[in-house]
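A.B. asks: After the structure tokens below, expect a handful of questions from me.
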Amino acid sequence: MIYPFLSSTLRELQLFVRSWRFWTTFALVVLIFVFTGPYGTLESMTLGVRLGYWLIIHTITWAIAISLSISAEVLLRRHLSHTLARMMVGALVAALPIGFALGVVNYAFRGYWTETDGGLQRALIALPLCALFCLLTYVVTHRQIAEVSVPAAAPQALTGSPASEPQILSRLKPYNRGALVRLSVADHYTDVVTSRGHELILLRFADALKELDGTPGLQVHRSYWVADAHVEKLRRDKGRLFVVMKDGQEIPVSRPNLDATRMRFGHL
């Protein structure tokens, strides 16, 4: 239990460290605080001191909030279905240690405890900010979180025995169980298309992707996943890119997935 938790948590933390979107958002937020000077810092601090103050504040608070948000995201997967809800629980819990951390930083810069020197009072002040930063972080990194949270496919045994079928096929009626062709979003359902038919299952798309168990394929759109073996070619029409399946269906490719799709299927 502990090893998978640590492995998943570290994998998602690495995602933040490597994400330019995250660092861009972080830098913009720091600059906004520096130049607007909230909580009296505009009047009481010079620009250089203000920059150092808010950089330290945001580094500490974001580190605490993200660590607890990612921990909650991993621990609560069986209890809460939405990634944002899981992250928000961790972010709100983070308000308490952040409140005490703010007191320490304020004391270091001001030399005295502020009027909100109670840790609980500062935690209440930090609460809405934690929720806001969690929302911003989710908006810019939720696609990457969904991808990295998909468990890696287990290696085949050296005996050469065939891999077991993807978990998602066990949700289908027996006569629909075949080679996976594509998945798509249908309201609160996922439409699973196989070589033997298709079926709607009551399962979030992000969770459906986790049950592919390493089936070779690519998510080409926020609402579509396609299996490598059933892609015929790529087609461009009026500036838009489409994946043409071997059954004739054309799947749109979203802008964030253009490069990955061209790299994956451009040779066809």
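The values are calculated or read from the model by the stated rules, or taken from the named source; none is laboratory data. This is a predicted model, so every value here is computed, not measured. Cβ placement follows ideal geometry from the backbone for every residue including glycine, while neighbour counts extend to all protein chains displayed. Remember, those area values only see protein heavy atoms, side chains included, never the ligands or the DNA or RNA. Shrake-Rupley method; radii C 1.70, N 1.55, O 1.52, S 1.80 Å.
A.B. asks: Cut-off under 27 Å on the C-alpha distance; same-chain residues fewer than 8 positions from Lys210 excluded. Which lysines are left, in chain and number order?
C.D. replies: Lys173, Lys233, Lys246
A.B. asks: Let me cross-check Tyr189: its accessible surface, 1.4 Å probe, with only protein heavy atoms counted, in Å² to the nearest 10?
C.D. replies: Accessible surface of Tyr189 is approximately 100 Å².
A.B. asks: Roughly speaking, what is the stretch gain from Ser164 to Ile32, that is 0.36 nm per residue apart minus the C-alpha to C-alpha distance, in nm to one decimal?
C.D. replies: Working it through step by step, the gained length comes to 42.3 nm.
A.B. asks: Now, a different point. Mind checking the full-extension length gain between Leu51 and Arg240? Use 0.36 nm per residue of separation minus the Cα-Cα distance, one decimal, nm.
C.D. replies: Numbers: separation 189, 0.36 × 189 = 68.04 nm, distance 4.36 nm.
So the chain would gain 63.7 nm between Leu51 and Arg240.
A.B. asks: Using a simple spin-label model with points 7 Å from Cα along the Cα→Cβ vector, what separation in nm is obtained for Ser195 and Arg21?
C.D. replies: Once both label points are built, they end up 3.5 nm from each other.
A.B. asks: Here's something else I'd like to know. Hey, how many Å between the Cα centroid of region 17-33 and the Cα centroid of region 202-268?
C.D. replies: Between the Cα centre of region 17-33 and that of region 202-268, the gap is 30 Å.
A.B. asks: Please give the length that would be gained between Asn176 and Glu250 if that part of the chain were fully extended, namely 0.36 nm times their separation in residues minus their C-alpha to C-alpha distance (nm, one decimal).
C.D. replies: Contour length minus Cα-Cα distance gives 24.5 nm.
A.B. asks: Which of the trypsin sites (Lys or Arg not before Pro) across region 34-102 are loop residues per DSSP, with 10 or fewer other Cβ within 10 Å?
C.D. replies: Loop-located and lightly packed - Arg78.
A.B. asks: Quick one: order Val30, Val139 from most to least accessible surface, probe 1.4 Å. Present the calculation step by step, with values, prior to reporting the outcome.
C.D. replies: Numbers: Val30 10, Val139 90 Å².
Result, largest first: Val139, Val30.
A.B. asks: How large, in percent, is the carbon and sulfur part of the accessible surface of region 200-268 at a probe radius of 1.4 Å?
C.D. replies: That fraction is 50 percent.
A.B. asks: May I pose another question? Solvent-accessible area of His267, probe 1.4 Å, all protein chains present, reported in Å² to the nearest ten, please.
C.D. replies: 150
A.B. asks: Using a Förster distance of 45 angstrom, determine the FRET efficiency expected from the C-beta separation of Leu42 and Leu13, and round it to 0.05.
C.D. replies: About 0.85, to the nearest 0.05.
A.B. asks: How many percent of the alpha carbon pairs in region 156-268 exceed a separation of 26 Å?
C.D. replies: Percent of Cα pairs beyond 26 Å in region 156-268: 20.
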